[in-house]
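Encoded as structure tokens, the structure appears first; notes follow it.
Read-outs throughout are calculated quantities, based only on the coordinates presented, and are distinct from any laboratory measurement. These numbers were taken from a predicted model, which means no experiment stands behind them. Note: ideal-geometry Cβ built from the backbone for every residue, glycine included; neighbour counts use all protein chains shown.
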Amino acid sequence: MRMEKRRFIWMAFAVTAFYVNGSMICRAEGNTSLMERKEPSVFTRTDFVMDTPVMETLYTTGEDITEEMVQVIHDTDAGWLSWSDGSSELYRINESDGNEVLLSDEMAGYLEEIRQLWEASEGALDPTLGKLTQLWNLGGEDPVVPEEKDIQEALASTGFDKVSLDGKRFSMKKDCILDIGAVGKGIACDELMSFLEQKTEITGAIVNLGGSSVAAYGQKPDDSRWNVAVTDPRDTEGDYLGAVSIYGGEFLSTSGDYQRYLIEDGIRYHHILDPQTGYPSRSGLTAVTVVCDNGLVTDGLSTACFVLGWEKAGRLLEKYGADALFVDEEQNIYLTEGMEERFQLLKDSYTIQQ
Ligand code: AMP
Ligand code: MG
């Protein structure tokens with residue numbers, strides 16, 4: 001969290017510059033009706049919401065609504081996802097003390113999608129890790145390497161078998177805590193996409209939450225694809241590792257061991273936990289980037305694939321029709337077939353393995 005704030009100003013400039021790069025030039029066509037059509041204007045905005053820097057670029061023939069877009073992200077967080085906001089549905093669930101909760105349609109839908117991801121990933125994505133993530137506190141001010149006995153105790157209250165989900169009826173065991181941080185930004189991206197779809201004057205938009213979750217909508221005026229910069233996991237404030245191109249209607253998500261971590265005795269303890277061990281996942285990866293057509297799924301897949309590793313993730317990615325790139329500790333890059341034509345490597349210290 002602190003690290004994200006520190007990087008805010010740097011990212012605001014770097015990422016915005018990366019998107020805009022000359023694509024504002026609009027061409028007039030030699031056809032009267034097209035000549036009369038209003039060309040879109042471009043608006044950009046950087047803000048801080050969901051504890052993360054948000055960069056927006058909007059192409060529209062109407063007004064600048066980038067502030068409303070930020071509000072959509074804020075409302076999604078405050079209404080459904082926030083750990084700390086007493087009015088959020090997640091907060092209400094985590095305070096339910098073993099009692100049944102009647103969910104909103106939206107939350108019931110999200111939790112069902114998360115349940116399916118849990119099942120399809122064979123538990124690699126597990127939304128019941130709240131006790132463990134609170135114990136490690138890797139997103140907080142004072143992360144610690146917990147005592148082994150505390151990890152084992154917290155592990156005992158995790159697992160989707162502690163949850164009962166039947167449509168809108170939800171309950172979970174008293175000592176279980178939900179943490180849906182692995183899909184939160186993806187859900188915000190989905191809500192944003194639905195909002196943009198209702199606005200006919202918007203021709204294109206790209207929104208980047210914290211550098212790790214991106215939603216692209218519509219087209220750029222020059223019809224080129226949207227390019228998203230991918231961070232080098234071992235040079236996070238230096239040059240980018242590469243760029244991934246995505247179409248309007250697609251989402252991109254990156255999970256990495258460099259986003260929130262603690263280094264103690266030379267060991268990196270990062271925030272993506274292996275639900276089987278209760279410790280940070282040791283799949284030999286430093287980052288995974290996924291592209292798919294659903295924000296929640298894209299975000300959930302990047303977390304799950306990080307835990308599963310390159311070898312085991314193939315079937316899961318195929319099931320959701322997703323493309324992915326995996327970066328390992330030896331600076332090798334592994335690409336799914338669909339990612340090959342999307343990805344452009346910008347650093348020669350990394351090797352793409354065929
Ligand atoms: P992401 O950055 O999207 O990969 O999400 C990581 C966040 O999800 C962490 O900060 C935890 O709050 C939570 N988390 C960590 N490990 C897991 C896991 N295996 N399954 C689900 N959520 C997790
Ligand atoms: Mg995720």
Residue exposure sequence - Val72, Val291 - by fewest surrounding Cβ within 10 Å: Val72, Val291
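For the chain, give the magnitude of the charge dipole about the Cα centre (Cβ charges: +1 Lys/Arg, -1 Asp/Glu; no others), in debye to the nearest 20. Can you show the working numbers first?
Numbers: 30 positive and 62 negative charges, 43 e Å.
Around 200 debye, computed over the chain.
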Among Val101, Val288, Val297: highest mean-square fluctuation, GNM of the chain, C-alpha pairs under 10 Å: Val101
Filtered GluC sites (Glu not before Pro), the range 229-320: DSSP coil and at most 12 other beta carbons within 10 Å: Glu237
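Using only the Cα atoms of the range 84-243, construct the convex hull and provide its projected area averaged over every direction, in square nanometres to one decimal. Can you show the working numbers first?
Values: hull surface 50.9 nm².
Result: 12.7 nm².
By count of other Cβ within 10 Å, fewest leading, how are Ile65, Ile263 ordered? Show your work: numbers first, answer last.
Working: Ile65 21, Ile263 9.
Exposure proxy ranking, most exposed first: Ile263, Ile65.
Once the Cα gyration tensor of the range 102-177 is diagonalised, what are the square roots of 5 times its eigenvalues, in whole Å and ordered largest first, as equivalent ellipsoid semi-axes? Write out the running numbers ahead of the final one.
Working: eigenvalues 127, 33, 30 Å².
Taking √(5λ) for each Cα gyration eigenvalue gives 25, 13, 12 Å.
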Extreme residue, positive dipole direction of the range 173-257, given options Asn227, Ile177, Leu196 (C-beta unit charges): Ile177
Exposure proxy ranking, count of Cβ atoms within 10 Å, fewest first, for Leu346, Leu273, Leu155: Leu346, Leu155, Leu273
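Going through the range 103-155, which GluC sites (Glu not before Pro) have at most 12 other Cβ atoms within 10 Å and a DSSP loop state? Don't skip to the end; give the middle numbers.
Working: sites: Glu106, Glu112, Glu113, Glu119, Glu122, Glu141, Glu147, Glu148, Glu153; in loops: Glu122, Glu141, Glu147.
When the GluC sites (Glu not before Pro) of the range 103-155 are filtered for loop state and at most 12 Cβ neighbours within 10 Å, Glu141, Glu147 remain.
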Debye intensity ratio in log₁₀ form over the Cα atoms of the chain, taken at each q of 0.07, 0.11, 0.15, 0.16 Å⁻¹: -0.30, -0.73, -1.34, -1.51
Pairs from Lys131/Lys312; Lys173/Lys199; Lys131/Lys347 whose Cα-Cα separation, in the structure shown, is over 32 Å: Lys173/Lys199; Lys131/Lys347
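If you take every DSSP beta bridge whose two residues both sit in the chain, what share of them, in percent to the nearest 5, is antiparallel?
95
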The range 280-345 versus the range 83-133: alpha-carbon centroid distance in Å: 24
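Just to confirm the filter: which chymotrypsin sites (Phe, Trp or Tyr not before Pro) across the range 50-141 are DSSP coil and have at most 15 other Cβ within 10 angstrom of their Cβ? Kindly include the intermediate steps, with their values, before the conclusion.
Details: sites: Tyr59, Trp80, Trp83, Tyr91, Tyr110, Trp118, Trp136; in loops: Trp83.
Passing both the DSSP loop test and the Cβ count: no residue.
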Hz values of 3J(HN,Hα) by residue in the range 291-300 - Karplus curve (6.51, -1.76, 1.60), Gly and Pro given as x: 10, 7, 9, 9, x, 4, 5, 4, 5, x
With 10 Å bins from 0: P(r) over the range 144-216, alpha-carbon pairs, percent: 15, 28, 25, 23, 8, 2
Value of [θ]222 nm, deg cm²/dmol, for the chain, DSSP H segments ≥ 4, -39500 (n - 2.57) each, nearest 500: -10000 deg cm²/dmol
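Give the Rg/Rh ratio for the range 269-354, taking Rg as the radius of gyration of the Cα atoms and Rh as the Kirkwood radius, to two decimals. Present the calculation step by step, with values, prior to reporting the outcome.
Working: Rg = 12.7 Å, Rh = 13.3 Å.
With Rg and the Kirkwood Rh in hand, the quotient comes to 0.96.
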Extension gain from Lys168 to Glu341, taking 0.36 nm per residue of separation minus the Cα-Cα distance: 58.2 nm
